[in-house]
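**Q** What follows is a single structure, and I will ask about it in a moment.
Nothing in this text is a laboratory measurement; each read-out follows from the coordinates by a stated rule. Keep in mind the model is a prediction, meaning the values are calculated, not measured. Don't worry about glycine lacking a Cβ; one is built from the backbone with ideal geometry, like all the others, and counts go over all protein chains shown.
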Amino acid sequence: MTIKATGSCLCGAVKYTTSTDFEFSGNCHCNTCKKATGGPFEVFAIIDEKSLHLTQGKGALVGYLISQKAKKHFCGTCGTPIFNQHKRAPGKLIVYVGSLDDPQCVTPAVNLHCENMLPWVADIASIKSFDKGFTK
Ligand SMILES: [Zn+2]
Ligand SMILES: [Zn+2]
């Protein structure tokens with residue numbers, strides 16, 4: 001089986017591989033996704049559930065019902081969000097792109113729920129930026 005991408009959580013308990021390319025990627029700016037990620041928006045990538053293979057840590061994954069339609073799966077040890085399942089996307093996994101070992105393999109194509117987009121997000125590339133961490 002071809003490995004297209006690999007992913008893992010922060011503590012390394014959960015590891016996965018993918019065997020096809022992601023079908024679609026986007027940024028969701030809704031307030032639920034802010035809570036689910038702890039970030040300003042969620043970057044997600046959709047893949048068929050048959051194409052994501054948990055190679056380690058199946059028992060470490062914890063499920064949380066975000067709503068009647070959506071369930072978040074994350075590492076119960078370190079909290080890294082791995083993927084969501086949503087009733088509107090049966091058979092699909094909505095992967096948190098930050099859990100990929102090389103997130104550059106995915107480029108978001110759309111912004112969703114822009115009515116809740118934080119006002120500074122669109123200007124993020126134009127503020128003072130450093131290649132590494134903050135330096136004086
Ligand atoms: Zn972990
Ligand atoms: Zn959202």
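**Q** Would you look at the GNM of the chain, springs on alpha carbons closer than 10 Å, and say which of 124, 47, 82 moves the most?
**A** Evaluated over the chain, the most mobile residue of the options is 124.
**Q** Taking amide H positions as placed 1.01 Å from N in the peptide plane, with prolines and chain starts having none, which residues 5 or more places from residue 112, or on another chain, fall under 5 Å of its amide H?
**A** Amide H to amide H, under 5 Å and 5 or more residues apart or across chains, residue 112 pairs with 27, 28, 29.
**Q** Report the antiparallel proportion of the DSSP beta bridges in the chain as a percent, rounded to a multiple of 5.
**A** Working: 31 of 34 bridges.
About 90 percent, rounded to the nearest 5.
**Q** Could you work out the local net charge near residue 60, counting Lys and Arg as +1, Asp and Glu as -1, over the other residues with Cβ closer than 15 Å to its Cβ?
**A** On the way: positive: 15, 58, 72; negative: none.
My count for the surroundings of residue 60 gives +3.
**Q** Using every Cα-Cα pair within the stretch 5-119, state what percent have a distance larger than 19 Å. Please report the intermediate quantities before stating the final value.
**A** Working: 2694 of 6555 pairs.
I get 41 percent for the Cα pairs in the stretch 5-119 exceeding 19 Å.
**Q** Could you give me the ³J(HN,Hα) list for the stretch 118-128, computed from phi with Karplus coefficients 6.51, -1.76, 1.60 and θ = phi - 60°, whole Hz, x at Gly and Pro?
**A** So the J values, rounded to whole Hz, are 5, x, 8, 4, 5, 9, 4, 6, 9, 7, 4.
**Q** With respect to the cross-link table entries 4/69; 15/69; 15/72; 72/132; 50/71; 4/87, which display a Cα-Cα separation exceeding 22 Å? Walk me through the numbers before you get to the answer.
**A** Working: 4/69 29 Å; 15/69 25 Å; 15/72 16 Å; 72/132 31 Å; 50/71 17 Å; 4/87 26 Å.
Those over the limit are 4/69; 15/69; 72/132; 4/87.
**Q** Which of 99, 129 comes first, and how do the rest follow, when ranked by fewest Cβ neighbours within 10 Å?
**A** Details: 99 22, 129 7.
In increasing order of surrounding Cβ atoms, one gets 129, 99.
**Q** Hey, another quick one. Which far-off residues, 5 or more places away or on another chain, put their amide H under 5 Å from the one on residue 55, with H placed in the peptide plane?
**A** 15, 16, 17
**Q** Each residue of the stretch 16-30 in turn: what ³J(HN,Hα) in whole Hz from Karplus with 6.51, -1.76, 1.60 and θ = phi - 60°, glycine and Pro shown as x?
**A** Along the stretch 16-30, the couplings run 9, 10, 10, 10, 9, 5, 5, 7, 6, 9, x, 10, 10, 9, 5 Hz.
**Q** Please compute the Cα-Cα pair-distance distribution of the stretch 1-72 with 10 Å bins starting at 0, giving whole percents from short to long.
**A** For the stretch 1-72, the pair-distance distribution reads 17, 42, 38, 2.
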